[in-house]
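S.K.: Structure provided below as structure tokens; questions to follow.
The values are calculated or read from the model by the stated rules, or taken from the named source; none is laboratory data. Model, not experiment: these values are computed from the prediction. So basically every Cβ, Gly included, is an ideal-geometry build from the backbone, and we count neighbours across all protein chains shown. Heads up: the accessible areas ignore ligands, DNA and RNA and are worked out on the full protein's heavy atoms, side chains in. Shrake-Rupley method; radii C 1.70, N 1.55, O 1.52, S 1.80 Å.
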Amino acid sequence: MSEADAGAEGWRLDWPVSAGVRVGSAHLKTVPDDFRVSEVLEAFPEHTEQSGISSVAGEGEHLCLRLEKTGDNTEFVAGELATLAGCRPFDVGFCGLKDRHAVTSQWFSLYRPGMMEDDSALIEQVSARWPVKSACRSVRKLRRGDHQGNHFTIRLRQISADREAVECALERLKIQGAPNYFGPQRFGFGGANLDRAVHIDPAALNRRGGQGKGRRRGRGSSRSGGGRDDRKNVLYFSAARSWLFNEVLASRVADASWRTPLPGEPTETATGPMWGDGGTVASGEAGQRERDIVAQAPKLASLFMMTRMKPERRPLVAEAEGLSWSWLDDGGLELEFFLQPGQYATTILSDIFELEDISLDHHKN
């Protein structure tokens, strides 16, 4: 294990793959156009068929825009939209975070009550920064997970693997899916987010959760008290929860039980714990196994003993729906598939390839 694979506490950050070994290596995101993501939100029009959107269909207090962006992450765009619209950052909604080093199409909602007559002027301003593909009005702010999922078109380059082995692995992926791990980026470089998680004061998270419920004070401003520190603590807490899930999933992958529910699982499909107050809602064999695994990380497990975080479940299997692929003339590989919210394309592909994200080198430069 390299220094990048473990933090100060020796966190594991590379988990077993479904076939035991990967078939080879590949380059990811050589250029942004190699990684295209299109958000699927069935309630809104996919495209507005007019040049320079001059009218907006629908009703409601929220102006919803579908933007295409390259080189900007979701939260940066949301902040810039708030500035252009003259609203608070909290008044900008979106369904999920999208990659920065990619070409992504996603929806944003802007809270603009009583300002429908100004929509066209604002859209023109936004269009000077990012192409606006669609626009409509809605009665609801967009929130995390409101979308049906994401469609991906991804090109892998510099593939070092036997083509027949790649084809077999893709056929296997098409049939059985891949382990639904959280990606290593969630845990910070070398597990730094996990190192910080063990020093979180759970009581501070409880105070934050109680403050935010049903109140407008402090949203999108520093008046909430904790400000940036609060957001960082939530990030570290989420990393801890995700890592515990990955550890349970890794155990299931290791004994090939990751696609079959164990006795005591609360659902009819194979799921793992998103740890919370009381640990897990699983019982019997599944519950005991999950508790035994989490007990091996007592510093993280202790975080959940003093919070009001409700235990949840997450599927162990990520399905690459509608998976298709074609080989490119230069030896690269283009893949298309659809993923449900909360599933990650890089996780799917990492079950087959040892991926080298070329965009990280670009970012360093």
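Each row is one residue, and each column tells you yes or no for (1) touching a residue at least 60 places away in the same chain (Cβ under 8 Å); (2) surrounded by 14 or more Cβ atoms within 10 Å (Cβ to Cβ); (3) among the β-branched types (V, I, T).
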{"residue": "N246", "(1), (2), (3)": "yes, yes, no"}
{"residue": "S251", "(1), (2), (3)": "no, yes, no"}
{"residue": "D255", "(1), (2), (3)": "no, no, no"}
{"residue": "A295", "(1), (2), (3)": "no, no, no"}
{"residue": "P298", "(1), (2), (3)": "no, no, no"}
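S.K.: Give the residue, chosen from K141, K98, K133, K69, that is part of a strand (DSSP E or B), open to solvent by less than 50 Å² (accessible area, probe 1.4 Å), basic (K, R) and out of contact with any Cys (no Cβ under 7 Å at 6 or more places or on another chain). Outline the logic, then answer.
M.R.: Details: K141 fails: part of a strand (DSSP E or B); K98 fails: part of a strand (DSSP E or B); K133 fails: open to solvent by less than 50 Å² (accessible area, probe 1.4 Å).
So the residue among K141, K98, K133, K69 that is part of a strand (DSSP E or B), open to solvent by less than 50 Å² (accessible area, probe 1.4 Å), basic (K, R) and out of contact with any Cys (no Cβ under 7 Å at 6 or more places or on another chain) is K69.
S.K.: Starting from residues that are small (G, A, S) and either over 20 Å from N180 (Cβ atoms) or part of a strand (DSSP E or B) (or both), keep the ones in the stretch 270-294 and report whichever is farthest from the chain's Cα centre (by Cα).
M.R.: To start, the set of residues in the stretch 270-294 that are small (G, A, S) comprises 270, 272, 276, 278-279, 282-284, 286-287.
Now drop any that are not either over 20 Å from N180 (Cβ atoms) or part of a strand (DSSP E or B) (or both), which leaves 272, 276, 278-279, 283-284.
Details: G272: 17, G276: 20, G278: 25, G279: 23, S283: 28, G284: 31 Å.
That would be G284.
S.K.: Say whether the condition of being of a type in the set (S, T, Y) and farther than 12 Å from L244 by Cα is met by at least one residue in the stretch 272-280.
M.R.: The first filter runs over the stretch 272-280 and keeps only residues of a type in the set (S, T, Y), leaving 280.
Cutting the leftovers down to farther than 12 Å from L244 by Cα gives us none.
Checking the stretch 272-280: not a single residue is of a type in the set (S, T, Y) and farther than 12 Å from L244 by Cα.
S.K.: Specify which of the listed residues (E171, E164) is outside any strand (DSSP E or B), under 20 Å from V317 (Cα atoms) and open to solvent by 10 Å² or more (accessible area, probe 1.4 Å). Spell out the reasoning first.
M.R.: Working: E164 fails: under 20 Å from V317 (Cα atoms).
The unique qualifying residue is E171.
S.K.: If G191 satisfies every condition in (1) within 17 Å of the chain's Cα centre (by Cα); (2) on the phi > 0 side of the Ramachandran plot but one, which is the exception?
M.R.: Just one mismatch for G191, condition (1).
S.K.: Right, G279: of a type outside the set (D, E, K, R) and open to solvent by less than 30 Å² (accessible area, probe 1.4 Å) or not?
M.R.: Working: of a type outside the set (D, E, K, R): yes; open to solvent by less than 30 Å² (accessible area, probe 1.4 Å): yes.
So G279 fits the description; yes.
S.K.: Which residue out of F108, F76, F90 is among the aromatic types (F, W, Y) and either within 30 Å of A169 (Cβ to Cβ) or surrounded by 20 or more Cβ atoms within 10 Å (Cβ to Cβ) (or both)? So that I can check it myself, show each step before the final result.
M.R.: Values: F76 fails: either within 30 Å of A169 (Cβ to Cβ) or surrounded by 20 or more Cβ atoms within 10 Å (Cβ to Cβ) (or both); F90 fails: either within 30 Å of A169 (Cβ to Cβ) or surrounded by 20 or more Cβ atoms within 10 Å (Cβ to Cβ) (or both).
Answer to the selection: F108.
S.K.: Now, a different point. What pairs come out if I take residues in the stretch 113-128 that are assigned to a helix (DSSP H, G or I) and modelled with pLDDT under 95 and pair them with residues that are open to solvent by 50 Å² or more (accessible area, probe 1.4 Å) and of a type outside the set (A, V, I, L, M) whose C-beta lies under 6 Å away, six or more apart or interchain?
M.R.: Filtered contacts from the stretch 113-128: S120/S54.
S.K.: Next up: Does D229 meet the test of being modelled with pLDDT of 90 or more and over 14 Å from L300 (Cβ atoms)?
M.R.: no
S.K.: Continuing with this model, one more query. Scanning the stretch 302-324 for residues that are hydrophobic (A, V, I, L, M, F, W, C) and buried (at least 17 other Cβ atoms within 10 Å of the Cβ), which turns out farthest from V198 (Cα to Cα)?
M.R.: Initial filter on the stretch 302-324 (hydrophobic (A, V, I, L, M, F, W, C)): 303-306, 309, 316-318, 320, 323.
If we keep only those that are buried (at least 17 other Cβ atoms within 10 Å of the Cβ) too, we end up with 303-304, 309, 316-318, 320, 323.
On the way: L303: 7, F304: 11, M309: 16, L316: 25, V317: 28, A318: 29, A320: 34, L323: 39 Å.
Among those residues, the one meeting the criterion is L323.
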